Every structure is written in structure tokens, then in C-alpha cells.
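Everything below concerns the one structure shown next.
The values are calculated or read from the model by the stated rules, or taken from the named source; none is laboratory data. Please read all numbers here as calculations on a predicted model, not as lab measurements. All Cβ positions, glycine included, derive from the backbone under ideal geometry; neighbour counts span all protein chains shown.
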Amino acid sequence: MNVSAFIPIKKFSSSKNRLSNIISSSEREMLAASMAKKTIDTLYNSEICDSITVVTNDSNLYLNHSTSYFTNSSLNDGLNEAINLHSTNGIILIMHADLPKINERDLHELAQTFDIKKVSIISDLFTQGTNCLMFNSSISFNLKFGIDSYNLFMHEFQNNNIDYQNICIESLQDDLDSEEDYFKLIKYINS
């Protein structure tokens, strides 16, 4: 299976602003960098991807085991640009980089669960955001990442008669978007 991964990562210095009440800007920057590195390394080590492209608004961002695509476009437009430039005829995997519990075993589960005729979608734990999409590049739809993306994707798939499957893999659903998520992460690390 030919899988091309695309990981959107904004400048670390402007990441995780929702945590500004509890950690400093330098701590937020280090946290974002650490999670991005872990996501890329885990994807690479899992060997489920043939290529990993970081889609970023930081022209100086380069992470091991990946190439970088620089864009000033919005998240969805930037992802589309990178995917179109890559011109792949295989499987597209779009995954956010703020998944502190990501692991190789669960990435293999995602790959084994994948149905080439459907879009695989993994929401966040609250089924509001979308942490991961995996789909055959021949399936055409509009990307809807952003606020309430999970529901927007559901409408997009239903309105265009696109078959999809919800996949529940906790490590890929458990992201870091809020103060509550941060304290859960600290508890997880300390246990």
C-alpha cells in the first residue's frame, strides 16, 4: 500500500495559544516541537508511510524523516496544495501533530482497518475535531479541518455520497487542545 502522509504544523512559536494561561510561550513552543517530532518519528518507525510531508507556515521548519512544504495559505488550502504537488496515486493520510500518545501499534491498527473504498476518519475524543483522515487519492471531497471539523466532514461525506468509516483508536483521538488536555497529559506522563 502506497501511503503519503501529510502533517500540518504551524510555527511552534504560535502554537498552543489556548494553553497560555498555564504555561509560558517558550514552554508551549517546546511542547509543540516535542509532539511534532514524536509524531513524525512514530510515523516513520511504523513503516506504514512511503513519504511524510510537513505542511507548514514556517519556512525554517525541517524535521527528520520528512520533507517540508511551506505555505502561507489556510490549513485546508495548504494541505490541498501539498497533496496536489505531491501528485500521488495512492493513499493519503492526513494527521495532526499534537497526539502525545501516538504509537506504532495503533498506526498499524489504522492501516489494517483501512478500506480503500472508504474515507477513514478519526475524531478527537469529543467528536468535534478531526485528528486523522485516510483515503484513496481518487476519492474527491473538500477538506474541512478547523472548528467543528468532524461534523463538517460528516456533512461533506453525506452530501456527496462518500462512504466513510469512523475509527476509534484512543491514542489517535487524544489530542492536546485545551488546559484540561494538558493536565491529563501531565497525569499520563507521571503515572
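On the given criteria, is residue 75 more than 19 Å from residue 105 (Cα to Cα) and more than 15 Å from the chain's Cα centre (by Cα)? Break it down into steps so the answer makes sense when it comes.
On the way: more than 19 Å from residue 105 (Cα to Cα): yes; more than 15 Å from the chain's Cα centre (by Cα): no.
No: the conditions fail for residue 75.
Among the residues of the range 144-154 satisfying the criterion of being assigned to a loop (DSSP other than H, G, I, E, B) and either on the phi > 0 side of the Ramachandran plot or without any contact (Cβ under 8 Å) to a residue 24 or more places away in the chain (or both), which is nearest to the chain's Cα centre (by Cα)?
Taking the candidates together, the pick is 146.
Right, residue 141: among the hydrophobic types (A, V, I, L, M, F, W, C) and either touching a Lys or Arg at 6+ places or on another chain (Cβ under 6 Å) or outside any loop (DSSP other than H, G, I, E, B) (or both) or not? Please lay out each step first, then the result.
Numbers: among the hydrophobic types (A, V, I, L, M, F, W, C): yes; either touching a Lys or Arg at 6+ places or on another chain (Cβ under 6 Å) or outside any loop (DSSP other than H, G, I, E, B) (or both): no.
Against the criterion (among the hydrophobic types (A, V, I, L, M, F, W, C) and either touching a Lys or Arg at 6+ places or on another chain (Cβ under 6 Å) or outside any loop (DSSP other than H, G, I, E, B) (or both)), residue 141 does not qualify.
Within the range 158-177, take every residue that is acidic (Asp, Glu) and touching a helix residue (DSSP H, G or I) at 6+ places or on another chain (Cβ under 7 Å) and give me the one that is surrounded by the fewest Cβ atoms within 10 Å (Cβ to Cβ). Write out each step before concluding.
Of all residues in the range 158-177, those acidic (Asp, Glu) come to 163, 170, 174-175, 177.
Applying the additional criterion that residues be touching a helix residue (DSSP H, G or I) at 6+ places or on another chain (Cβ under 7 Å) yields 175, 177.
Details: 175: 23, 177: 18.
Among those that are acidic (Asp, Glu) and touching a helix residue (DSSP H, G or I) at 6+ places or on another chain (Cβ under 7 Å), it is 177.
If I filter the range 33-42 for residues that are more than 17 Å from residue 131 (Cα to Cα) and modelled with pLDDT under 95, do I get at least one hit?
Looking for residues that are more than 17 Å from residue 131 (Cα to Cα) and modelled with pLDDT under 95, one finds at least one in the range 33-42, hence yes.
Within the range 63-72, does at least one residue satisfy the condition of being within 22 Å of residue 167 (Cα to Cα), touching a strand residue (DSSP E or B) at 6+ places or on another chain (Cβ under 6 Å), β-branched (Val, Ile, Thr) and modelled with pLDDT of 95 or more?
The answer is no; no qualifying residue exists.
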